[in-house]
Amino acid sequence: MEIIMEIERKTKELEISPEELAKTIDHTLLSPYKNTTEFKKLCDEAKAYNFYSVCVNPYWVRFCADELQGTNIEIAAVVGFPLGQNTTNIKALETKEVIENGATEVDMVMNIAAFKDKNYDSVKQDIEAVVKAASGKVVKVILETGYLTYEEIVKACEIVKEAGANFVKTSTGFGPLGATIPHVYLMRKTVGDNFGVKASGGISNFRDALRAIAAGANRIGASDSVKIVDGYTWAKLTDWNIEEIPCRLCPSRKASFAKMSKSIFQYYKTKCVDCPYKEFNKFYE
Amino acid sequence: MILRINLSNGKIKEEPIDAETKRKFVGGRGLGVKIIADEVDPKVDPLSEKNKIVFAVGPLTSTAAPTSGRYAIVSKSPQTGTIVDSNSGGFFAPMIKGQDYDAIIIEGKSSSPVYIWTNDGKVEIRDASKIWGKDVEESTKALVKETDEKVKVACIGPAGERLVRFACVINDEHRAAGRGGIGAIMGSKNLKAVVALGGKKLQVADETKFKEVVKRCLMTIDKNQITKDSLRIMGTPALVSIINELGIFPTRNFQEGYSKEADGICGEKYLERIFVKQYACYGCPIGCGRMTRAGGEEGGGPEYESLWALGPECGVNELEDIARANYLCNRLGLDTISAGSTIGCAMELSEKGYLDEEIKFGDSEKVLELIRKIGMRDGIGQDLAEGSKRLAEKYGHPELAMQAKGLEFPGYDPRGVQGHALGYATSNRGGCHLRAYMIGPEALGVPAPIDRFKADGKAKIVKLLQDVSAAVDSLILCRFASFAITVEEYANLLTTATGIIYTPEEFRTVGERVWNMERLYNIRAGFGKKDDTLPQRFTETTLKEGNSRGRVVELDKMLGEYYVARGWNSEGVPKPELLKKLEIEKYSL
């Protein structure tokens, strides 16, 4: 909880322009049903706002590459998405194909089940295969932190770093929790300064984005990118920093019985009981 | 160009607007406020011959700017005694702008019922005795028949004719300039309607750049979840579930903030049971308008506020009954928010035994009967036609009127949204949600979420949104576009349309100037710090159910901060240096 309050303070002090904020964002569209019109719009928005990249499913890589030709906007493709349960060969093959089609970055999902089995060699080999297939392009590894304990997040970050990837990334947006401040902070602390940390999942407004950056993220994944940047221009007009009740930003309060395994749910909830800040955690606060 | 019509002597003339006025007040609400401040004594009886009505459009009206089909009506309110502006969409505004008019000033009083017919710059004051007494629908049809099938009509119904203090003006049969009783002012002047036809094509200063800005605005509207999905698919009734879940859905005259039966009138049920089709106002890519069918009738709405006011506020939870009550208000020309809330007040007075007549919460047939009686000023309707403030005062319990400065609150209980509460208390036209739509950040998370229960730090955000809203009302664009469009793009739209350069800061200053002009007018009319208040129900009595339970409004804490943020003294009076900065020092007290 101290970390959350510290990050809230840092967020207030953060000096970043709307343009710089836009340049940290992977403008994301990973819907199963959105069609050409929507992806054309995604690319138009990326150009208009100068986002860092568009992040899409493999099927849309070539289309986006054509749309964004001649710009400096990167194309990130998700691999083994969203469950991370494909075989290593398939992940590598998928990576090879998206790179051939124009992807300049790959966001792969870690094999969470193998990780839970403590089969760390297998997890590492899985990542290594994708890194190799990516031929020097940036590889981000999605840990899906909502399925992990704090201790597991540290271990997963170490594996990703050893496997030669470039980023650790919090979430797919399809799993539990999304990006939370303590997780992002822990990931940055574990990987050090010279490694990428991408916060994604549930970042829907500029305050979430700024908090993630203050916590240590150097890349944001978001579908609400336009709202984030436009909202930030509003925030520049007056003091928008109203202190948030820290529990709202804590994974322990966000943990949901319906969305996660029973053991992880209990792991987070039991931390609330002993938290010195539990007085904040009134149910309607 | 201004069109000035004097109903006392029949004189009609056109007057230019000076460049300085255009730069400082832009159009719409801003221009109207400037005219009323210059020409109408703040102490004047609003229903007297000396009051004036300004119909105003703006530099973006009927351009390609999204939601540019709105007009404002500005006057001194018979309901509140404050300066008031009310605006409406539909297709009426482009007909005014299409004749090159920025504003129509209506002054004096006709000796007999008349309507104004402006046909491509040819203006007549015509006899309306044959349509006087007819409802809005009948009047509109009759006026179209009498003039031209392409015209657009803004008229009053029987309620306006009978000076009901919350009578509204309705254009296109079901779009209302609803708040503040402007319909009664028209009635007091024996003015039944303004009928307009104009089709002149308008030029903006920099067509190419203007189109680029419009394209960017459309992109953001099409990306924003509220403007792209919620309002387009479900219309404003989408709010019912959200607001109820937050525990700020006022029920039974604000006695509770949560309704167990709200799922029966939510956006989904609306689609399933009464929805006929969606429609959009002029130049609107959102299309929140709804045509519905209920009880064998078809009509426009109810929108969220009407749905709430004629529904849970009165303890009614049947969609069809609410829709019928809404149609009746539209035909009579009544503001649905004030009508519903005044009936809700009467119900509580009756429930507590302060009113002899039995008026029970949940009695939908009684609601219909009372609406009719209000519109016709019949029986108990005489008392209700005065609005909840005067009604509750007459029966000895002013605390039961849910209003600020005499204007009834809309459908958000302020106890669960502190900033919104401050917006209600400080609104220049009384209990209004649109002056600073703090529901945006506090409940919907736009432009960014803020803690709805916190009072600290809210004053500056309320001020910002009040200023921006006043500026947007001067353009004049629909507020729903504000969910998506930024201040910077508003400034760009205005700059490229007029050729006058407005930075985002200057755009905000337009709003701040208008806000302070309104404040000064109200102070001259006798209002002050004592009126920046809320009913004690909100500051002393907690909600018992729902997700805002246990809350009251911390108004005193916020009000002091607000005056400081505004640059006002501790009594809420704008300081001379502020007025100088805003270039309105000549209006200093």
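Since every read-out is calculated from the coordinates, none of them should be taken as a lab result. Given the structure is predicted, the values throughout are model-derived calculations rather than measurements. A quick note on method: Cβ atoms are made from the backbone with ideal geometry, for glycine too, and the neighbour counts reach across all protein chains shown.
The loop-placed trypsin sites (Lys or Arg not before Pro) in region A:90-142, going by DSSP, that have at most 14 neighbouring Cβ atoms within 10 Å of their Cβ come out as A:Lys118. Mean projection of the Cα convex hull over all viewing directions, computed for region B:430-589: 10.2 nm².
Would you mind giving the three semi-axes, in whole Å and largest first, of the ellipsoid equivalent to region A:1-52 according to its Cα gyration tensor? Don't skip to the answer; put the middle values down first.
Working: eigenvalues 198, 49, 6 Å².
They are 31, 16, 5 Å, listed largest first.
Mean separation of Cα pairs under 8 Å and 6 or more residues apart, divided by the residue count, gives region A:2-245 a relative contact order of 19 percent. When you restrict to C-alpha pairs under 8 Å that are six or more residues apart and normalise by the size of chain B, the relative contact order lands at 16 percent. Between the residues A:Met108, B:Ala309, A:Leu93, the greatest Cα displacement towards the positive end of the dipole of the protein assembly as shown, with unit charges on the Cβ of Lys, Arg, Asp and Glu, is found for B:Ala309.
In terms of overall dimensions, region B:2-197 has a Cα radius of gyration and Dmax of 14.9, 43 angstrom.
Please give the average number of partner chain Cβ atoms lying within 10 Å of the Cβ of each residue in B:450-461, rounded to a whole number. Present the calculation step by step, with values, prior to reporting the outcome.
Numbers: counts 7, 6, 1, 4, 5, 1, 2, 6, 1, 2, 5, 7.
Mean number of neighbouring Cβ atoms from other chains: 4.
Which pairs in the list B:Lys50/B:Lys134; B:Lys394/B:Lys557; B:Lys52/B:Lys405 are over 28 Å apart, alpha-carbon to alpha-carbon? Present the calculation step by step, with values, prior to reporting the outcome.
Values: B:Lys50/B:Lys134 26 Å; B:Lys394/B:Lys557 32 Å; B:Lys52/B:Lys405 21 Å.
Violating the 28 Å Cα-Cα cut-off are B:Lys394/B:Lys557.
What 222 nm value per residue comes from the helices of chain A, counting each DSSP H run with n ≥ 4 as -39,500 (n - 2.57) and dividing by all residues, nearest 500 deg cm²/dmol?
Working: 13 runs with 132 residues, N = 285.
Computed ellipticity for chain A at 222 nm equals -13500 deg cm²/dmol.
Could you give log10 I(q)/I(0) at q = 0.20, 0.28 Å⁻¹ for region B:153-219, computed by the Debye formula over C-alpha point scatterers of equal weight, without solvent? Listed by q, the Debye log ratios stand at -0.72, -1.10.
Kirkwood-type hydrodynamic radius, region A:2-245: 17.9 Å, calculated from all non-identical alpha-carbon pairs.
First select every other residue whose beta carbon is under 14 angstrom from the beta carbon of B:Asp263; then total the charges, Lys and Arg +1, Asp and Glu -1. Before the final figure, lay out each step's value.
Details: positive: B:Lys260, B:Lys269, B:Arg273; negative: B:Glu245, B:Glu261, B:Glu268, B:Glu272, B:Glu318.
With Lys, Arg at +1 and Asp, Glu at -1, the net is -2.
In region B:257-399, the inverse of the mean reciprocal separation of distinct Cα atoms equals 15.5 Å; this is its Kirkwood hydrodynamic radius. For the set B:Lys189/B:Lys575; B:Lys141/B:Lys223; B:Lys228/B:Lys277, the pairs lying more than 28 angstrom apart at their alpha carbons are B:Lys189/B:Lys575; B:Lys141/B:Lys223.
Beyond 44 Å, what share of the Cα-Cα pairs of chain B remains, rounded to the nearest whole percent? Could you put the intermediate results ahead of the total?
Working: 15550 of 173166 pairs.
Cα-Cα pairs in chain B separated by more than 44 Å: 9 percent.
Divided by 2.2 N^0.38 Å, where N counts the residues, the Cα radius of gyration of region B:185-246 comes to 1.87. Specify the longest stretch of chain B that does not include any exposed loop site, a site being one of the GluC sites (Glu not before Pro) with a non-H, G, I, E, B DSSP assignment and at most 14 other Cβ atoms within 10 Å. Within chain B, the longest run free of exposed GluC sites (Glu not before Pro) spans B:150-356.
By Kyte-Doolittle mean hydropathy of at least -0.5 and Cα axial length of at least 24 Å, which whole DSSP H helices of chain A are selected?
Values: long enough: none.
Qualifying helices: none.
How much FRET efficiency would the formula 1/(1 + (r/R0)^6) give for A:Asp193 and B:Glu506, where r is the Cβ-Cβ distance and R0 is 51 Å, rounded to 0.05? Taking R0 as 51 Å, the efficiency between A:Asp193 and B:Glu506 is 0.75. Cα extents for region A:35-176 along the principal axes, largest to smallest and rounded to whole angstrom: 43, 28, 23.
When you work out D = kT/(6 pi eta Rh) for the protein assembly as shown at 25 °C and 0.890 mPa s, using the Kirkwood radius from C-alpha pairs as Rh and the Stokes-Einstein form, the result is 86 µm²/s.
Partners of B:Lys76 within straight-line reach, counting aspartates and glutamates whose Cα lies under 13 Å from its Cα and excluding those fewer than 8 residues away in the same chain: B:Asp38, B:Glu39, B:Asp41, B:Asp45, B:Glu49, B:Asp85, B:Glu107, B:Glu518. Rounded to the nearest 500, the 222 nm mean residue ellipticity of chain B from helices alone is -11000 deg cm²/dmol, with -39,500 (n - 2.57) taken per DSSP H run of at least 4 residues.
Site pair A:Glu158 and B:Lys352 shows an inter-label distance of 6.8 nm when each label is modelled 7 Å from Cα along Cα→Cβ. Calculate the FRET efficiency for B:Glu138 and B:Asp38 from the Cβ-Cβ distance with a Förster distance of 30 Å, rounded to the nearest 0.05. It comes out at approximately 0.20. For a straight C-alpha distance cut-off of 15 angstrom, the aspartates and glutamates reachable from A:Lys271 (same-chain residues fewer than eight places away being disregarded) are A:Glu2, A:Glu151, A:Glu279.
Name the lysines eligible as straight-distance cross-link partners of A:Lys96: C-alpha to C-alpha under 19 Å, and not fewer than 8 places from it in the same chain. Counting by Cα, and skipping residues close in sequence, A:Lys96 has these lysines nearby: A:Lys124, A:Lys132, A:Lys137, A:Lys140.
Remark: the B:Lys50-B:Arg273 segment gains 75.5 nm on full extension, using 0.36 nm per residue and subtracting the alpha carbon distance.
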